[in-house]
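One structure is given here, and the rest of the page talks about it.
The values are calculated or read from the model by the stated rules, or taken from the named source; none is laboratory data. Quantities reported herein were computed from a predicted structural model and do not represent experimental measurements. Don't worry about glycine lacking a Cβ; one is built from the backbone with ideal geometry, like all the others, and counts go over all protein chains shown.
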Amino acid sequence: MDSVVLALEKMVDPISKSEFAIYHSRTHEDTNQAAKRFLHSTNDEVRLRRADEYADFALAIVDMEETTYFRRAVLRRELIADIDYQKQRDHAAHTLYNYLLGWYIFSNNEAMRQEIQRHFILRLASRRATMPPLEIANRFGNIWPFVSLLHDIGYIFEGSLSPMSTDTQNERVRRGAAVVHDYFHHRFWSDTQLDSVTVRALLVKKANMTIPDFELNSIAATGDQLCTIGSVEIIRAAARNELDKFGMRVSPILTKANGLSGDAFDLWMAHYAAYDLAGMVDRIKYMRAAYKALIWNGMPGIGVRLLDHGVCSGLLMLLHSTFFYRLYFGIGDDEPSDPLEKQLWHFIKHESVPEGVVYDAHWWWTGILWGTAAAALHNIQQLPNPLHGLREPIPALHLEEDPITYLGILVDIVQEWDRYSVIPERRLLGNLPLQGTDVDLGFDHGLLVINYHDSDCADVVKKSLDRALDSWTKIMRIEG
């Protein structure tokens, strides 16, 4: 057994020739070095800066570096303690540790790896029984950032209303909504080098889109806007054509014109239903009910009304990704005759696309919907008590149901080290936090082993795992 720092350092070191090191050296030679700089940080300020640096590299691999805008928005709020929740801890370093731990488990635990492979094959409708190791690693690497690095960006909307409040909006939620509004109306167009009012109006009209409006007046309105993805008909048709072209089985739902809803929860349910994953469809139904219950009725026993950060993370990622895909496929496959439209078409289809990157509509269907749903579920799956209007808690998740969601929750629960408190006063109160150098990580006969050297911490983690995940002891062992 090594310390967490040493165990993860061995994985990221290019000399190790690990799948992680190979995958992360594809686009930037400094990526693995950035991970090592993060792991060896001994100061909170340095650690957070290094986490931010690494996220830039890792998200660039999957052409999602613009989403660091949302990560940094959360980081800023936490740095100035612009947070209602008194027990809030940092999420910049936490989400990076989740990312690294997920890769560590994927690379070393055969049960997890086999289930992830099975679900990739299921979604690709392939007759293959196995995939080449590097293909599995590449596919895992492409979906894992949604479930780890970005799974807490919903803290942009952190804020709450007390049971006795007559307000409909919390000021902190409003500021978060303004940040997101600014992104879709301004930052997105600047990042894509289409920062012209005339150009964006032309493209939005051409692609039959509307720009999400977060200048709203209540928590409920913000929550509803996050669910409103808009028409995905152009993406559905393109996904159907691509799968048919590649000789893969096309789900009946993709063959029906206007067969997909513009509501996020409906899209997630359609995705799981297409692969006969009825249990996951039920979980999405529960999540939708829980999301609404928290908005309207609040947390059981205390009545505080809020937007669940996990659900918001998944919703925001799906809204963000689909917005680009609607634009990319909405401008059509054929070169326009109009000179200005032709110039814009060439820029979007060719000049703006990074070398080696291909935008596939079937990836939106098989990957983005899956990854964003997994992120959305991670906190609801961990809630201990049934919410108002829901008779019982959501049942523990089985690995076979959805290994990506399972892995995301697993690493989220066990990552209990190197997490500083956001509220300054709490740094002088209570127990000292764990340090990564004091926690051991390794594998024993295929089982992940984490030794916190703290019995209380180990007991809390075990109880949380018992509540959220079924048969987690087949994957890992917790010691204290």
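Search the stretch 72-94 for residues being among the basic types (Lys, Arg) and either closer than 17 Å to residue 47 by Cα or buried (at least 16 other Cβ atoms within 10 Å of the Cβ) (or both), and hand back the single one that is nearest to the chain's Cα centre (by Cα).
Applying the filter and picking the extreme gives 72.
Scan the stretch 340-372 for residues that are at pLDDT below 85, closer than 25 Å to residue 244 by Cβ and in a loop (DSSP other than H, G, I, E, B) and jot them down.
Matches in the stretch 340-372: 353, 356, 357, 358.
Which of the residues spanning the stretch 230-249 are crowded, with 19+ Cβ neighbours inside 10 Å and either without any contact (Cβ under 8 Å) to a residue 12 or more places away in the chain or more than 26 Å from residue 188 (Cβ to Cβ) (or both)?
Residues satisfying the conditions are 240, 243.
Can you tell me which residues in the stretch 29-82 are farther than 19 Å from residue 357 by Cβ and not in a helix (DSSP H, G or I)?
Within the stretch 29-82, 30, 40, 41, 42, 43, 80, 81, 82 qualify.
Here are the criteria: (1) surrounded by fewer than 18 Cβ atoms within 10 Å (Cβ to Cβ); (2) small (Gly, Ala, Ser); (3) more than 23 Å from residue 136 (Cα to Cα). Tell me which single one residue 442 does not satisfy.
Of everything listed in (1) surrounded by fewer than 18 Cβ atoms within 10 Å (Cβ to Cβ); (2) small (Gly, Ala, Ser); (3) more than 23 Å from residue 136 (Cα to Cα), residue 442 misses just condition (3).
Kindly establish whether residue 104 is among the hydroxyl-bearing types (Ser, Thr, Tyr), over 25 Å from residue 321 (Cβ atoms) and surrounded by fewer than 16 Cβ atoms within 10 Å (Cβ to Cβ).
So residue 104 does not fit the description; no.
Spot the failing condition for residue 67; the list is (1) out of contact with any His (no Cβ under 8 Å at 6 or more places or on another chain); (2) more than 20 Å from residue 137 (Cα to Cα); (3) of a type in the set (S, T, N, Q), and only one is missed.
(1)
Could you say whether any residue in the stretch 277-298 is aromatic (Phe, Trp, Tyr), over 30 Å from residue 162 (Cβ atoms) and touching a residue at least 24 places away in the same chain (Cβ under 8 Å)?
There is no residue in the stretch 277-298 that is aromatic (Phe, Trp, Tyr), over 30 Å from residue 162 (Cβ atoms) and touching a residue at least 24 places away in the same chain (Cβ under 8 Å).
Let's see how each residue does on (1) within 20 Å of residue 69 (Cβ to Cβ); (2) in contact (Cβ under 8 Å) with a residue 12 or more places away in the chain; (3) out of contact with any Ser or Thr (no Cβ under 9 Å at 6 or more places or on another chain):
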position: 314; (1), (2), (3): yes, yes, no
position: 327; (1), (2), (3): yes, yes, no
position: 344; (1), (2), (3): no, yes, yes
position: 377; (1), (2), (3): no, yes, no
position: 390; (1), (2), (3): no, yes, yes
position: 410; (1), (2), (3): no, yes, yes
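I'm trying to understand the selection: among the residues of the stretch 209-245, which are out of contact with any helix residue (DSSP H, G or I) (no Cβ under 6 Å at 6 or more places or on another chain), not in a helix (DSSP H, G or I) and not charged (D, E, K, R)?
210, 217, 218, 228, 230, 231, 232, listed by residue number.
In this structure, is residue 266 out of contact with any helix residue (DSSP H, G or I) (no Cβ under 6 Å at 6 or more places or on another chain) and at pLDDT 95 or above?
It is true that residue 266 is out of contact with any helix residue (DSSP H, G or I) (no Cβ under 6 Å at 6 or more places or on another chain) and at pLDDT 95 or above.
Tell me, which residue of the stretch 445-480 that is in contact (Cβ under 8 Å) with a residue 60 or more places away in the chain and loosely packed, with under 15 Cβ neighbours inside 10 Å is farthest from residue 112 (Cα to Cα)?
Filtering first and then ranking leaves 466.
What residue, among those in the stretch 173-229 that are among the aromatic types (Phe, Trp, Tyr) and within 26 Å of residue 335 (Cβ to Cβ), is surrounded by the most Cβ atoms within 10 Å (Cβ to Cβ)?
Among residues in the stretch 173-229 that are among the aromatic types (Phe, Trp, Tyr) and within 26 Å of residue 335 (Cβ to Cβ), the one surrounded by the most Cβ atoms within 10 Å (Cβ to Cβ) is 188.
Of all residues in the stretch 166-196, which are assigned to a loop (DSSP other than H, G, I, E, B) and without any contact (Cβ under 8 Å) to a residue 24 or more places away in the chain?
166, 167, 195, 196
Is one or more of the residues making up the stretch 326-335 hydrophobic (A, V, I, L, M, F, W, C) and surrounded by fewer than 19 Cβ atoms within 10 Å (Cβ to Cβ)?
Looking for residues that are hydrophobic (A, V, I, L, M, F, W, C) and surrounded by fewer than 19 Cβ atoms within 10 Å (Cβ to Cβ), one finds none in the stretch 326-335, hence no.
Residue check, residue 111 against (1) touching a Gly at 6+ places or on another chain (Cβ under 9 Å); (2) surrounded by 18 or more Cβ atoms within 10 Å (Cβ to Cβ); (3) in contact (Cβ under 8 Å) with a residue 40 or more places away in the chain; (4) in a helix (DSSP H, G or I), all met but one. Which one?
Tallying (1) touching a Gly at 6+ places or on another chain (Cβ under 9 Å); (2) surrounded by 18 or more Cβ atoms within 10 Å (Cβ to Cβ); (3) in contact (Cβ under 8 Å) with a residue 40 or more places away in the chain; (4) in a helix (DSSP H, G or I), residue 111 fails exactly one: (2).
Which residues, counting only those in the stretch 33-43, are within 14 Å of residue 419 (Cα to Cα) and crowded, with 16+ Cβ neighbours inside 10 Å?
Across the stretch 33-43, the qualifying residues are 38, 39, 41.
Of the residues that make up the stretch 414-432, is at least one at pLDDT 95 or above and not in a strand (DSSP E or B)?
Checking the stretch 414-432: at least one residue is at pLDDT 95 or above and not in a strand (DSSP E or B).
Could you tell me whether any residue of the stretch 10-32 is crowded, with 17+ Cβ neighbours inside 10 Å, modelled with pLDDT of 90 or more and closer than 24 Å to residue 420 by Cα?
no
Quick check on my filter: what residues within the stretch 1-56 are farther than 25 Å from residue 480 by Cα, out of contact with any helix residue (DSSP H, G or I) (no Cβ under 6 Å at 6 or more places or on another chain) and of a type in the set (Val, Ile, Thr)?
15, 22, 46
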